[in-house]
Amino acid sequence: MGALSGIRVLDLSRVLAGPWCGQNLADLGAEVIKVERPGSGDDTRQWGPPYLKDRDGHDSREAAYFLCANRNKESLTIDFTQPEGQRLVRELAAKSDVLIENFKVGGLAAYGLDYASLKAINPKLIYCSITGFGQDGPYASRAGYDFMVQGLGGLMSLTGQPDGSEGAGPVKVGVALTDVLTGLYASIAILAALQYREREGVGQYIDTALLDVQVACLANQALNYLTTGRAPQRLGNAHPNIVPYQSFPTADGDFILTVGNDGQFRKFAQVAGKPEWADDPRFATNRARVEHRAELIPLIRQVTVFKTSAQWLSDLEAVGVPCGPINDLAQVFADPQVIARGLKVEMPHAVGSVPQVASPLRLSASPVDYRLPPPQLGEHSATVLARVLDLSPEQIAELQHSGVI
């Protein structure tokens, strides 16, 4: 039994932030019903190639993007632009614990599916809205996407090579990180609301915004600015507060050196054949190294190019200096630690087998369970309506005939 067994989630969200939240809850044991548009479904079903291969090696209709955020869910298609579809969603909400949606602000009110309408029929409902900019403020009516929020929210001002260097310019993160983090924050908020409901007996409304999350996740860089009034600049792979903490060239590529304290720096200096660095007043402390970054980094780069990446990793790991390779994804999933932790999962699917990336949540008493592969569009419409709303086969057939499901 999962930690959230017995909790029913109605997931009306699409793309990534909302589905990522729903998948977290589903992995933890919640019953998640994904409501999709008949005929097309979640936008990401069409975001390919690549697509999942069938047993004969041909592309199926299942886009890899969709597959990353929708396991352990049942797909129910409902056209809630029709009154009968609206009625079905309201009846499902009346029997649900949580609803997740990421429509534009006020977008569901026209269908009677906003929080106020659904709270009236289910006061214990936890209703989580995910938008680009939140329910109020001058940007509330705007559509928000991860890329634009990475720029607007400051992340891109910190990512990329510094001005004046080769390849300088702002760069987005290589995954839709703002969406993923928003899904995680939404999951946390829902878990908190469930605990509050357990204590107080009432549900509540959750307003989650991509911009809010992006600004919150600026972390130390936000405080670097707020405490000094100076906006941090792009440093490439370097760290604004720790030196040396970046990538360095080697005889056959690059490796990452992450010296976290002065003791580790002394060990690194010994391995580098430059023990005098550790006693040099310019480099002896992290504060001094940050101040003299421009002098130290070229000296380190002149040393690291004389060994291969593997040699540096072996020599530094032997003395406890944190370091690591820069892997592509083929190397990631071939890494012995990744294999040992079971981070790749295979699940049976209607078209054959679907790979998944395992949840990082490791609970000893209520572990994550991989029950259902990402669903095909409308795969569970009949079973969900029969199980949750007790509809007869004839009623379901009529809904299908009228195009409601």
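Tabulated data for the structure shown
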read-out	value
Where residue 183 falls short, out of the listed (1) open to solvent by less than 40 Å² (accessible area, probe 1.4 Å); (2) touching a helix residue (DSSP H, G or I) at 6+ places or on another chain (Cβ under 9 Å); (3) part of a loop (DSSP other than H, G, I, E, B)	(3)
Residue count for segment 220-261, restricted to those that are more than 27 Å from the chain's Cα centre (by Cα) and of a type in the set (A, V, I, L, M)	3
Test: residue in segment 34-47 that is among the aliphatic types (A, V, I, L, M) and closer than 20 Å to residue 124 by Cβ	yes
Neighbours by Cβ (under 9 Å, 6+ apart or cross-chain): first from segment 285-301, of a type outside the set (A, V, I, L, M, F, W, C); second in a helix (DSSP H, G or I) and surrounded by 15 or more Cβ atoms within 10 Å (Cβ to Cβ)	285/262; 285/265; 286/262; 286/265; 289/262; 289/265; 289/296
Pairs, first open to solvent by less than 50 Å² (accessible area, probe 1.4 Å) in segment 350-366, second at pLDDT 95 or above and of a type in the set (Ser, Thr, Tyr), C-beta under 9 Å, six or more apart	356/370; 358/370; 359/370; 366/5
Criterion: part of a helix (DSSP H, G or I) and open to solvent by 50 Å² or more (accessible area, probe 1.4 Å) - qualifying residue of 315, 369	315
Subset of segment 212-231 [touching a Phe, Trp or Tyr at 6+ places or on another chain (Cβ under 9 Å) and of a type in the set (A, V, I, L, M)]	213, 216, 218, 231
Segment 379-405, residues that are more than 15 Å from residue 91 (Cβ to Cβ) and either touching a His at 6+ places or on another chain (Cβ under 7 Å) or part of a helix (DSSP H, G or I) (or both)	382, 383, 393, 394, 397, 398, 400, 401
Yes/no for residue 328 being under 23 Å from the mean Cα position of the chain (by Cα) and surrounded by fewer than 13 Cβ atoms within 10 Å (Cβ to Cβ)	yes
Any hit, segment 340-347, residues being loosely packed, with under 13 Cβ neighbours inside 10 Å, under 28 Å from residue 58 (Cβ atoms), without any contact (Cβ under 8 Å) to a residue 40 or more places away in the chain and not β-branched (Val, Ile, Thr)	yes
Pairs with Cβ under 7 Å, 6+ apart, first in segment 9-21 and of a type in the set (S, T, N, Q), second surrounded by fewer than 24 Cβ atoms within 10 Å (Cβ to Cβ)	13/101
Single residue of segment 131-152 satisfying the filter (in a loop (DSSP other than H, G, I, E, B), open to solvent by 20 Å² or more (accessible area, probe 1.4 Å) and of a type in the set (Phe, Trp, Tyr)) that is farthest from residue 182 (Cα to Cα)	139
Enumeration of residues in segment 118-130 that are open to solvent by 40 Å² or more (accessible area, probe 1.4 Å) and touching a residue at least 24 places away in the same chain (Cβ under 8 Å)	119, 121, 123, 124
Residue under evaluation residue 345, criteria (1) under 19 Å from residue 257 (Cα atoms); (2) under 20 Å from the mean Cα position of the chain (by Cα), criterion not met	(1)
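Results for (1) more than 20 Å from the chain's Cα centre (by Cα); (2) not hydroxyl-bearing (Ser, Thr, Tyr), shown as yes or no for each residue.
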{"site": "29", "(1), (2)": "no, yes"}
{"site": "40", "(1), (2)": "yes, no"}
{"site": "43", "(1), (2)": "no, yes"}
{"site": "51", "(1), (2)": "yes, no"}
{"site": "58", "(1), (2)": "yes, yes"}
{"site": "63", "(1), (2)": "no, yes"}
{"site": "71", "(1), (2)": "no, yes"}
{"site": "74", "(1), (2)": "yes, yes"}
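The values are calculated or read from the model by the stated rules, or taken from the named source; none is laboratory data. Note that the coordinates shown come from a computational prediction; the quantities given were computed from them, not determined experimentally. Every residue, glycine as well, gets a Cβ built from its backbone with ideal geometry; the counts of neighbours run over all protein chains shown. Each accessible area value is taken on the protein alone, full model and side chains, heavy atoms only, with ligands, DNA and RNA left out. Shrake-Rupley method; radii C 1.70, N 1.55, O 1.52, S 1.80 Å.
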